[in-house]
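Below you'll find the structure, written out as structure tokens, and then a few comments.
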Amino acid sequence: MLELRELVKRYRVGAGEPIVAADHVSMRVAEGEFVALYGPSGSGKTTLLDMIAGLRRPDSGSVYVAGRDIFALSRRESDEYRLREVGIVGAPNKLIPGARVFQNASLKLLLANARGSGATVEPLLERLGLAERTRHRTEQLSMGERQRVLIAMALSLSPKLVLADEPTGTLDTRRTVEVLSLLRELCRERGVVVVMATHDPRAAGFADHVHELRDGRLGRYQPDHLLVAASKGAPGRV
């Protein structure tokens, strides 16, 4: 469903040597798979997600989603791709301040002029344990609740692909377990591809496949078995 072909991206800062954010990165992800990109800050994870989302063009290489080269799309088609085919789960501070849970979760539906937002979002919020919080404002939510609102927003238009950039960076271990368990469960039910960037080995343990990214190069990573076991423990309340 998702295929990266020899992606290269370099940045030049001042007169020094260029920074290589992606060094001939190739990867295939099948429908319904959860893939983690594991690596330290500055390893190229966010740049790679941005290229998959079509927000940054590579110096060379291609990104194919459902057989389409996203960098061959027109500007209008690119906007539609990002709106309808990609869901983004970022940090909890990405929610609109002052907006209610239902408004935040319905944002993409409003941008797409989709009808029946209530019928779409309400079951998602209920599944995510937020049925009693729909009228609460962003500032009244815990970090775990905010993260679940972002998951509802990301899935609201039934995307083919979900990109999660350090989605558990502000969460403790218990909340990480519940948020990622919910994301994995919902995406598997819907056959959605998930690509998650993380520096947390416990978060990486939720993925079907983990690739280590260092200095723009993609390699295999074998997470510690104790961390994988911890990621599959009983979730606590978020």
For the list (1) at pLDDT below 95; (2) assigned to a strand (DSSP E or B), I need the number of the one condition that G61 fails. (1)
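Being of a type in the set (S, T, Y) and farther than 20 Å from L182 by Cβ is the filter here; which residues of region 69-123 pass it? Please lay out each step first, then the result.
We begin by selecting, within region 69-123, every residue of a type in the set (S, T, Y); these are 74, 78, 81, 106, 117, 120.
Answer for region 69-123, where residues must be of a type in the set (S, T, Y) and farther than 20 Å from L182 by Cβ: S74, S78, Y81, S117.
So, in region 124-170, how many residues would count as being in a strand (DSSP E or B) and more than 18 Å from the chain's Cα centre (by Cα)? Reasoning before the result, please.
Restricting attention to region 124-170, the residues satisfying the condition of being in a strand (DSSP E or B) are 137, 161-165.
The next check asks that each one be more than 18 Å from the chain's Cα centre (by Cα); those that pass are 137.
Summing the residues that are in a strand (DSSP E or B) and more than 18 Å from the chain's Cα centre (by Cα) in region 124-170 gives 1.
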Please tell me if L7 is surrounded by 15 or more Cβ atoms within 10 Å (Cβ to Cβ), more than 16 Å from the chain's Cα centre (by Cα), of a type outside the set (D, E, K, R) and assigned to a helix (DSSP H, G or I). no
Is it true that some residue in region 171-179 is part of a loop (DSSP other than H, G, I, E, B) and within 24 Å of T138 (Cα to Cα)? yes
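Just checking, which of A99, A114, A131 is surrounded by 12 or more Cβ atoms within 10 Å (Cβ to Cβ) and modelled with pLDDT under 90? Please lay out each step first, then the result.
Details: A99 fails: modelled with pLDDT under 90; A131 fails: modelled with pLDDT under 90.
Just one listed residue meets the conditions, A114.
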Considering only residues that are among the hydroxyl-bearing types (S, T, Y) and on the phi < 0 side of the Ramachandran plot, look in region 152-174 and name the one that is surrounded by the most Cβ atoms within 10 Å (Cβ to Cβ). T168
If you go through region 163-175 one residue at a time, do you hit one that is over 22 Å from V86 (Cβ atoms), among the acidic types (D, E) and modelled with pLDDT under 90? yes
Give all pairs with beta carbons closer than 9 Å in which a residue from region 175-190 that is among the small types (G, A, S) meets a residue that is crowded, with 20+ Cβ neighbours inside 10 Å; count only pairs at least 6 apart in sequence or on separate chains. S181/F206; S181/S231
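The values are calculated or read from the model by the stated rules, or taken from the named source; none is laboratory data. Not measured: the values here are computed from a predicted model. Don't worry about glycine lacking a Cβ; one is built from the backbone with ideal geometry, like all the others, and counts go over all protein chains shown.
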